[in-house]
Amino acid sequence: MIVLGLTGGIGSGKSTVAKVFETLGINVYYSDERAKELYFLPQVKPQIEQLLGKQAYLNDTTLNKSYISQKIFSDVDLLKKVNAIIHREVKNDFNQFAEKHKNEKYILKESALLIEANLLTTIDKLIVVTSTLALRKERIIKRNKLSEEEINQRISQQLPDEEKVKLSDWVIENNEENLLIPQILNIHQSLVA
């Protein structure tokens, strides 16, 4: 089984790309979505509360995302500490996912911070989704309702596309000029051949 990593900067459209792979019957592990769920594990929640305070949780099923973002994106050390906790749990959770799907030709591991979190050793091949900065910002504003300052802060925490592309096996350009599906089908066909 091949573990195919999928990454791209915030607003690049990597989740859209992952959904297309899903329609092709590929099992996708959404690292960023699972991470939000793993915040509630009994071994994780006390550690997060110790670092960020009880305000990090609105209740037993909802994170206070704006509070957490405000805290961690303005304090690099705090961000690293939170990531260390969450990334460990995501790694364990992904290993279970991979074991469950070990008889597939390939599975997809979607993660915004695949490279930044030093997770390249957990994958066999890498797809990087790229897009223009203007288009990424436009998507983020529509989707996340973030300010320009918040967007720039998050983008600054991620490697530039040029650096990610150097490490990739495939690049999908999601710039509204190139069609997505043919690019995805090319990769899919090369992996199932």
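The values are calculated or read from the model by the stated rules, or taken from the named source; none is laboratory data. Keep in mind that what you see is a predicted model, and the values were worked out from it rather than measured. So basically every Cβ, Gly included, is an ideal-geometry build from the backbone, and we count neighbours across all protein chains shown.
Which residue pairs have Cβ atoms closer than 6 Å, lie 6 or more positions apart in sequence or on different chains, and pair a first residue in region 41-60 that is over 14 Å from ALA84 (Cα atoms) with a second residue that is assigned to a loop (DSSP other than H, G, I, E, B)?
Close Cβ pairs satisfying both conditions: GLN55/ASN64; ALA56/ASN64; LEU58/ASN64.
Of these, ASN103, ASN118, which one is at pLDDT 90 or above, farther than 23 Å from SER66 by Cβ and of a type outside the set (D, E, K, R)?
ASN103
Name the residue that is farthest from LYS14 (Cα to Cα), counting only residues in region 72-127 that are small (Gly, Ala, Ser) and in a loop (DSSP other than H, G, I, E, B).
SER74
Looking at region 48-71, is at least one residue out of contact with any Asp or Glu (no Cβ under 8 Å at 6 or more places or on another chain), part of a loop (DSSP other than H, G, I, E, B), among the hydroxyl-bearing types (Ser, Thr, Tyr) and exposed (fewer than 15 other Cβ atoms within 10 Å of the Cβ)?
Looking through region 48-71, at least one residue is out of contact with any Asp or Glu (no Cβ under 8 Å at 6 or more places or on another chain), part of a loop (DSSP other than H, G, I, E, B), among the hydroxyl-bearing types (Ser, Thr, Tyr) and exposed (fewer than 15 other Cβ atoms within 10 Å of the Cβ).
Within the group LEU159, LEU191, LEU179, LEU167, which residue is of a type outside the set (Val, Ile, Thr), surrounded by 12 or more Cβ atoms within 10 Å (Cβ to Cβ) and either over 30 Å from ILE72 (Cβ atoms) or free of Cβ contacts under 8 Å to residues at least 24 places away in the same chain (or both)?
Going through LEU159, LEU191, LEU179, LEU167 in turn, the sole match is LEU191.
Could you please let me know if THR130 is farther than 24 Å from GLY11 by Cα and of a type in the set (Val, Ile, Thr)?
No, not satisfied.
Checking ILE172 against (1) in a strand (DSSP E or B); (2) closer than 26 Å to SER69 by Cβ, which single condition isn't satisfied?
Failed condition: (2).
Condition check ((1) at pLDDT 90 or above; (2) closer than 19 Å to LEU24 by Cβ) across all residues:
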| site | (1), (2) |
| --- | --- |
| SER147 | no, no |
| ILE151 | no, no |
| PRO160 | yes, no |
| LEU167 | yes, no |
| TRP170 | yes, yes |
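Is it true that SER147 is farther than 29 Å from ASN95 by Cα, crowded, with 17+ Cβ neighbours inside 10 Å and either of a type outside the set (A, V, I, L, M, F, W, C) or in contact with a helix residue (DSSP H, G or I) (Cβ under 9 Å, 6 or more places away or on another chain) (or both)?
Spelling it out, it is not the case that SER147 is farther than 29 Å from ASN95 by Cα, crowded, with 17+ Cβ neighbours inside 10 Å and either of a type outside the set (A, V, I, L, M, F, W, C) or in contact with a helix residue (DSSP H, G or I) (Cβ under 9 Å, 6 or more places away or on another chain) (or both).
Say we look at region 76-104 and pick out the residues that are surrounded by 13 or more Cβ atoms within 10 Å (Cβ to Cβ) and of a type in the set (D, E, K, R); which of these is nearest to LEU119 (Cα to Cα)?
My answer is LYS91.
What residue, among those in region 132-148 that are part of a helix (DSSP H, G or I), over 18 Å from the mean Cα position of the chain (by Cα) and of a type in the set (D, E, K, R), is nearest to VAL171 (Cα to Cα)?
Step by step, filter region 132-148, then rank; the result is GLU138.
Can you find a residue in region 131-154 that is in contact with a Ser or Thr (Cβ under 7 Å, 6 or more places away or on another chain) and either touching a residue at least 60 places away in the same chain (Cβ under 8 Å) or at negative phi (or both)?
yes
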